[in-house]
1. Please work out if Leu411 is open to solvent by 10 Å² or more (accessible area, probe 1.4 Å), aliphatic (A, V, I, L, M) and not in a strand (DSSP E or B).
2. Residues of the stretch 145-172 being of a type outside the set (Gly, Ala, Ser), open to solvent by 60 Å² or more (accessible area, probe 1.4 Å), more than 14 Å from Ile118 (Cα to Cα) and out of contact with any Asp or Glu (no Cβ under 8 Å at 6 or more places or on another chain), which ones?
3. Exactly one condition in (1) open to solvent by 30 Å² or more (accessible area, probe 1.4 Å); (2) in contact (Cβ under 8 Å) with a residue 40 or more places away in the chain; (3) outside any helix (DSSP H, G or I) is not met by Gln141; state its number.
4. I'd like to check something: does the stretch 53-63 contain any residue that is more than 32 Å from the chain's Cα centre (by Cα) and farther than 21 Å from Leu178 by Cβ?
5. Which of the residues spanning the stretch 379-408 are assigned to a loop (DSSP other than H, G, I, E, B), over 24 Å from Ile302 (Cα atoms) and touching a helix residue (DSSP H, G or I) at 6+ places or on another chain (Cβ under 7 Å)?
6. What strands (runs of 3 or more DSSP E) lie completely within the stretch 186-255 and have 3 or more residues being modelled with pLDDT of 95 or more and either open to solvent by less than 20 Å² (accessible area, probe 1.4 Å) or closer than 19 Å to Leu283 by Cβ (or both)?
7. Anything in the stretch 268-284 that is open to solvent by 20 Å² or more (accessible area, probe 1.4 Å) and β-branched (Val, Ile, Thr)? List them, or say none.
8. Could you tell me which numbered condition Met265 fails, if it satisfies all but one of (1) open to solvent by less than 50 Å² (accessible area, probe 1.4 Å); (2) out of contact with any strand residue (DSSP E or B) (no Cβ under 6 Å at 6 or more places or on another chain); (3) farther than 17 Å from Arg222 by Cβ?
Amino acid sequence: MLIALCALLAAKVSREKKKRSFAQLRLEREQKKQILKSLFCEESQLPNINYIQKKILSNNEINDSAHHIMHVICVGRSADYYRFFDSKTSREIKTQLHNCLNDALLPSVIGLFEDRYIVVVFVKNSPWKKEQIIEQQQRVQRTLPHELVVGGKPLPFDYSVASMPFSEKDIAKGKSYLFKKMAFCVNKSLKSLEGLYVYSHSDYKRSLRKRQIIQDLSQDIRQGGAKFSLCYQPIFHSTDTSEVNIWEILLRWNRTEYGGPGEFMPLVATKPHLHYSLTMMILKKVIDYAVSSEDTLPNISINVSNSDLMMVDFFDDVMIATEVYPELRSKIIFEVVEYSEMLSKKHVKDNILNLKKIGFRFAIDDFGCGYSNLQLLTEKHFDFIKIDKTIIGMCEQDAVAYETLQFILKLSESINAGLVIEGVETTQQLALVPEDPNVFIQGFLLSRPVRLTSTLSPRTKEK
């Protein structure tokens, strides 16, 4: 009886073991299946970035002195190029290009990133020299077919190739570190005329700095502008240089690590909505100052871009900002720092005309740099013309520059616009400025920028 019971128990344990063993094997098979699946693109079934990373790491384990070069190829010079094809055609194109590169170049690793970019990796035991990278980059470019038959028809193809060397130290910093560099290289190659770019650490650092400046600017503007201060450079009447007639408002960012406006303002100009937020912040700071000041303010010139003027809410936002001090509207001059055919667009014109009806005035800056300015002046939108400072700088030695100055003076009189001569820095240049009720002077000879405080200059008078 006891022997039979033991046999029964042993059989039960054996069945349980087999059951657990089967379940374990099934789980292991499923796990392997999932791991394998994670290494290939879902649409094309070609190796993906996980596969590439795994291969690079395994190569590194075998050879810890390996030096890699990665070429990232963007087909059609566009990240969304494949959207022009159905999934079957897209898959066929990727597979054909993948096989073409693999067969011709025999790379250490090849695969796709985000199922769009072809990534080709080569390895050697010594660091890659710049000329070696360029030579191999050109080989990659020559290998890529410039025409493929798609749907029975020949279709031209173009590419960008971004190349980036990396070592074990770079790999040790993690996947995201390499991906950021890869994304930077791809972006640079797409913008390149030839479609080629080789990674440069100095370029990368500059890019990171620009990005950080934009992020910190956005943050400081959102927080109300406490980290910004205003200065002004006085503009004087030519008939009496003791009389300050206009303040040109200048912005200073209190984050000194980012340098002056010459460094951060060109970056802001590439971000229209950020520039607009900055313009509105400056306007509100000027209004807050005007409300708190007991002194009589002169005319105040505020720089705007034509992207600001393109904003749908520009007129309404300006009106709302100035409603606490409506008297200031007749003193504010919006100085257009960029000018092109955009200013001839109806929406921009409407903003200018509607603001002029309320009392605001407009100045065109850096006049003399292009014919487009003359076209703009014929429509008489501008109350002031500011002459580019290079003209007064050349007047002493260049008769043509002096004649240009005289011509612009007559032009400003004919359209009843004030003429502001910028960049007057010497007594000789000052002597060339005509004493005319229509002419104003701005430059370091008369005054450098002054910090905007609660006390105004006693020389300031209202126009």
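The values are calculated or read from the model by the stated rules, or taken from the named source; none is laboratory data. Source: prediction; values computed, not measured. Cβ sites come from the backbone with ideal geometry, for glycine too, and all protein chains shown count toward neighbours. The protein model used for the area step is the full one, side chains on, heavy atoms only, and it has no ligands, DNA or RNA in it. Shrake-Rupley method; radii C 1.70, N 1.55, O 1.52, S 1.80 Å.
1. When the stated conditions are applied, Leu411 passes them.
2. Step one: of the stretch 145-172, the residues of a type outside the set (Gly, Ala, Ser) are 145-150, 153-159, 161, 164-166, 168-171.
So of that shortlist, the ones also open to solvent by 60 Å² or more (accessible area, probe 1.4 Å) come out as 146-147, 149, 153-154, 156, 158, 168-169.
Pick out the ones that are also more than 14 Å from Ile118 (Cα to Cα) and you get 146-147, 149, 153-154, 156, 168-169.
Scanning the stretch 145-172 gives Glu147, Val149, Lys153, Lys169.
3. Only one criterion is unmet by Gln141, namely (3).
4. No, the conditions are met nowhere in the stretch 53-63.
5. First, the residues of the stretch 379-408 that are assigned to a loop (DSSP other than H, G, I, E, B): 379-383, 388, 395-398.
Then keep just the ones that are over 24 Å from Ile302 (Cα atoms); that gives 395-398.
Cys395, Glu396, listed by residue number.
6. On the way: elements: 196-198, 228-237, 240-253.
In the stretch 186-255, the matching strands (runs of 3 or more DSSP E) lie at 228-237, 240-253.
7. Thr270, Ile282, listed by residue number.
8. (1)
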